[in-house]
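What follows is a short report on a single structure.
The values are calculated or read from the model by the stated rules, or taken from the named source; none is laboratory data. These numbers come from a predicted model, not from an experiment. So basically every Cβ, Gly included, is an ideal-geometry build from the backbone, and we count neighbours across all protein chains shown.
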Amino acid sequence: MADSSNNDTPSRQLSPIRLGLNLYKLDLARKLRARKTVILFAIQLLPVAVALLALIWVDLDGLQVFEETVAGVYLPFLIPLAALFFGGPTIVDEVEGRTITYLTLRPVPRSILFAAKLAASVLLTVATSTISVIAFYLVCTLGGGGLTEGLDLLGWAAFAVVVGAKTYTTIFALLGVVFASTLLPGIVYYVVFELIIGAVPIVEMLSVKFHLYTLGGFDRTDADDGGARETLEQFLLDQPLEFDWWVGFVACVLITAAATLIAATVFRSREFHV
């Protein structure tokens with residue numbers, strides 16, 4: 001009997017992790033089958049469709065179009081959109097579906113429950129965004145630039161997309177846990193931090209977009225501002241506001257870690273009423 005008891009102990013210790021992995025698989029499968037996932041993936045592929053149509057009538061500088069579209073469309077708009085619709089409902093879907101009580105009654109620590117559901121959301125955001133960017137690059141190289149000539153550019157763009165997808169998803173998941181709502185808190189955050197603050201020189205460092213541009217090596221300046229941003233930064237800082245790529249990466253990692261930790265802590269202590 002003693003031997004049997006000793007053999008059973010590791011199994012009981014690992015059961016919460018196994019249950020967390022099972023929840024991750026179930027949540028991922030459920031989200032993959034959701035109509036929302038198909039719609040969001042179609043939206044992510046819109047630049048690909050536009051580029052394909054443009055190739056019919058216009059000779060494109062493929063690599064330039066790719067870089068400008070990643071910096072001007074994917075990073076500031078499409079990546080946050082995917083993160084909002086995958087990350088925001090991480091816990092909110094359980095609350096709105098009145099299944100949060102059954103979820104939290106499982107013999108699994110709440111931190112593992114949250115991590116499992118967040119991991120499924122992050123994976124979907126990263127997958128849909130990265131596949132779309134790679135497809136867009138392939139289409140753009142058909143318009144000139146060569147498939148292999150822009151691999152370095154593709155690598156940095158994909159790196160920024162993956163990091164941005166993870167960072168935005170955890171932020172929107174945090175907002176969902178804190179406010180038990182998906183769209184409104186996420187939209188307010190995006191408008192305030194990514195659109196308004198992200199457009200103001202220097203204080204733009206409070207936005208995720210700024211760090212993604214730094215990480216990917218994308219130009220933050222607007223060709224229509226006549227160099228006003230650079231002039232202001234030169235006046236206030238005596239030099240343009242530029243950092244190495246690793247600074248943007250570290251900033252995003254810290255934001256992701258902080259958002260995940262705070263969200264898990266709130267979820268662990270909060271009482272949800274349905």
Verdict on Thr141 being assigned to a helix (DSSP H, G or I), of a type in the set (Val, Ile, Thr) and either out of contact with any helix residue (DSSP H, G or I) (no Cβ under 7 Å at 6 or more places or on another chain) or closer than 24 Å to Leu184 by Cβ (or both)
no
Subset of the stretch 246-256 [hydrophobic (A, V, I, L, M, F, W, C) and under 15 Å from Lys209 (Cβ atoms)]:
Val247, Phe249, Ala251, Cys252, Ile255
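Restricting to the stretch 66-86, and then to whatever is β-branched (Val, Ile, Thr) and surrounded by fewer than 24 Cβ atoms within 10 Å (Cβ to Cβ), can you tell me which residue is farthest from the chain's Cα centre (by Cα)?
Here the residue is Thr69.
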Applying the selection to the stretch 99-138, what residues are polar (S, T, N, Q) and in a helix (DSSP H, G or I)?
Thr101, Thr104, Ser111, Ser121, Thr125, Thr128, Ser129, Thr130, Ser132
Residue pairs meeting the criteria (Cβ under 7 Å; at least 6 apart or on separate chains; first touching a residue at least 40 places away in the same chain (Cβ under 8 Å) and under 24 Å from Leu153 (Cα atoms), in the stretch 200-221; second of a type in the set (Phe, Trp, Tyr) and surrounded by 20 or more Cβ atoms within 10 Å (Cβ to Cβ)):
Val208/Tyr168
Quick one: which residue in Tyr137, Tyr102 is among the aromatic types (Phe, Trp, Tyr) and surrounded by fewer than 18 Cβ atoms within 10 Å (Cβ to Cβ)?
Tyr102
So which residues in the stretch 147-160 are touching a residue at least 60 places away in the same chain (Cβ under 8 Å) and over 17 Å from Lys209 (Cβ atoms), if there are any at all?
Glu149, Gly150, Leu153, Leu154
Looking for something at pLDDT 95 or above and either crowded, with 22+ Cβ neighbours inside 10 Å or closer than 22 Å to Thr170 by Cβ (or both) - is there at least one such residue anywhere in the stretch 55-63?
no
Among residues of the stretch 184-198 being more than 30 Å from Arg270 (Cα to Cα) and touching a helix residue (DSSP H, G or I) at 6+ places or on another chain (Cβ under 7 Å), the residue modelled with the highest pLDDT is Ile197
How do the pairs read when you match residues in the stretch 169-182 that are farther than 17 Å from Ser269 by Cβ with residues anywhere that are polar (S, T, N, Q), using Cβ under 6 Å and keeping only pairs 6 or more apart or on different chains?
Thr169/Ser121; Thr169/Thr125; Thr170/Thr256; Thr170/Thr260
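Listed here are the residues, each with its yes/no results for (1) closer than 20 Å to Phe86 by Cα; (2) modelled with pLDDT of 95 or more.
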site	(1), (2)
Val161	yes, yes
Ala165	yes, yes
Thr170	yes, yes
Thr182	yes, no
Val200	no, no
Met205	no, no
Leu212	yes, yes
Asp222	no, no
Arg229	no, no
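Does any residue of the stretch 103-117 turn out to be closer than 21 Å to Ile39 by Cβ, in contact with a helix residue (DSSP H, G or I) (Cβ under 6 Å, 6 or more places away or on another chain) and among the hydrophobic types (A, V, I, L, M, F, W, C)?
no
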